[in-house]
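Visitor: My questions all concern the structure below.
The values are calculated or read from the model by the stated rules, or taken from the named source; none is laboratory data. The shown structure was predicted, so the numbers you read here are calculated from the model rather than taken from an experiment. When we count neighbours, we look across all protein chains shown, and the Cβ atoms used for this are built from the backbone with ideal geometry, even at glycine. Remember, those area values only see protein heavy atoms, side chains included, never the ligands or the DNA or RNA. Shrake-Rupley method; radii C 1.70, N 1.55, O 1.52, S 1.80 Å.
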Amino acid sequence: MGEVYLQDKTFDKIDFLRFPLEKGEYENCRFNDCSFENADLSEFKFTDCEFVGCNISMAKLVQTAFRDVSFTECKMLGLSFGDCHDFGVSFNFDGCTLNNSVFYKTSLKKTIFRNSRLNEVDFGECDLSNSVFANCDLSGAVFENTNLEKVDFRTSYHYSIDPSANKLKKAKFSLSEVYGLLYKLDISIDKNS
């Protein structure tokens, strides 16, 4: 049996662990309040799709293709985006919880993370150049050998970034959170001075 090709379809409130989504290519589809928790999405292709209010936590993403995909208000815990198909990968996140997810060695150029929780997320060896972290909680996020050139962190908080272990040319930070760049120096900064 061949893989399906579906276009311009909306899926509402479906538990895809109980009723598995057919493997194939989905273009310009919308998934509203669906659960993909623990689902195997390996080798699926999503192009110009929207996921709104979905739970995608712990889904298997081996060679999954995400091209121009947006995630809004989604729960996305423990995902390994480094396993995704890397050709043309592009997605944006708004109001999502991505805690404990891994983007290791993923090209994320021009990705927008907005109003999202990214606690303990691994961005090691990623290319995040020209990306935006707008009002994001980056507690415990790992940035190591990461390209952060021209990344906008001005409204984000709780990050710890070692300038000597990452590319930061023309990255933007707010003065109130600049201690996130100095943590490794083990110095004390008095905010009241």
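Visitor: Which number do you get for Rg(Cα) / (2.2 N^0.38 Å) in segment 60-167?
Guide: Segment 60-167 yields a ratio of 0.95.
Visitor: Run the dipole for segment 31-135 about the Cα centre, Lys and Arg Cβ at +1, Asp and Glu Cβ at -1, nothing else charged, and hand back the magnitude in debye, nearest 20.
Guide: Computed about the Cα centre, the dipole is about 200 debye.
Visitor: Next up: Around Gln7, what is the net charge, scoring Lys/Arg as +1 and Asp/Glu as -1 over all other residues with Cβ under 9 Å from its Cβ?
Guide: Neighbour charge sum, excluding Gln7 itself: -2.
Visitor: A follow-up question, please. Determine how large the accessible area of Ile112 is when every protein chain is in place; take a 1.4 Å probe and give Å² rounded to the nearest 10.
Guide: In the full protein context, Ile112 sits at about 50 Å².
Visitor: Might you report the magnitude of the Cβ-based charge dipole of segment 49-193 about its Cα centre, with Lys and Arg at +1 and Asp and Glu at -1, to the nearest 20 debye?
Guide: Rounded to the nearest 20 debye, it is 320 debye.
Visitor: Restricting attention to segment 1-77, which trypsin sites (Lys or Arg not before Pro) occupy a DSSP loop and are surrounded by at most 13 other Cβ atoms within 10 Å?
Guide: Taking segment 1-77 and a limit of 13 other Cβ atoms within 10 Å, the loop trypsin sites (Lys or Arg not before Pro) found are Lys9, Lys13, Arg18.
Visitor: Kindly report the accessible area of the chain per residue (heavy atoms of protein chains, probe 1.4 Å, no ligands, DNA or RNA), in Å².
Guide: Per-residue value: 53 Å².
Visitor: Quick one: of the DSSP bridges fully inside the chain, what percent are antiparallel, nearest 5?
Guide: 0
Visitor: Sticking with this structure for a sec: Measure out, as a whole number of angstrom, how far apart the alpha-carbon centroids of segment 54-112 and segment 113-135 sit.
Guide: 11
Visitor: Tally Lys/Arg at +1 and Asp/Glu at -1 over every other residue whose Cβ is under 12 Å from the Cβ of Tyr157; what's the total?
Guide: That sum, taken over residues with Cβ under 12 Å, equals 0.
Visitor: Mind listing the phi-derived Karplus ³J(HN,Hα) values for segment 134-151, rounded to whole Hz, using 6.51, -1.76 and 1.60 with θ = phi - 60°, and x for any glycine or proline?
Guide: Result, rounded to whole Hz: 9, 6, 10, 8, 10, 4, x, 5, 9, 10, 9, 6, 9, 7, 10, 5, 6, 7.
Visitor: Next question. In debye to the nearest 20, how big a dipole does segment 102-179 give about its Cα centre with +1 on each Lys and Arg Cβ and -1 on each Asp and Glu Cβ?
Guide: Result for segment 102-179 is approximately 420 debye, rounded to the nearest 20.
Visitor: Give the Rg (one decimal place) followed by the Dmax (whole number) of segment 1-131, computed from C-alpha coordinates and expressed in Å.
Guide: According to the Cα coordinates of segment 1-131, Rg and Dmax are 13.6, 42 Å.
Visitor: For the chain, what is the relative contact order in percent, using Cα pairs closer than 8 Å and at least 6 residues apart in sequence?
Guide: Worked out over the chain, it gives 11 percent.
Visitor: For Glu144, what accessible surface area do you get with a 1.4 Å probe? Give it in Å², rounded to 10.
Guide: 100
Visitor: Compare the Cα positions of Asn130, Asn28, Phe71 along the charge dipole of the chain (+1 at Cβ of Lys, Arg; -1 at Cβ of Asp, Glu; about the Cα centre) and return the one farthest towards the positive end.
Guide: Asn130
Visitor: If I stretch the segment between Lys170 and Gln7 completely, what's the gain in nm (0.36 nm per residue apart, minus their alpha carbon distance), one decimal?
Guide: Length gained between Lys170 and Gln7: 54.7 nm.
Visitor: Between their Cα atoms, which of Lys109/Lys170; Lys109/Lys150; Lys110/Lys169; Lys150/Lys172; Lys13/Lys45; Lys109/Lys167 are more than 18 Å away from each other?
Guide: From Lys109/Lys170; Lys109/Lys150; Lys110/Lys169; Lys150/Lys172; Lys13/Lys45; Lys109/Lys167, over 18 Å: Lys13/Lys45.
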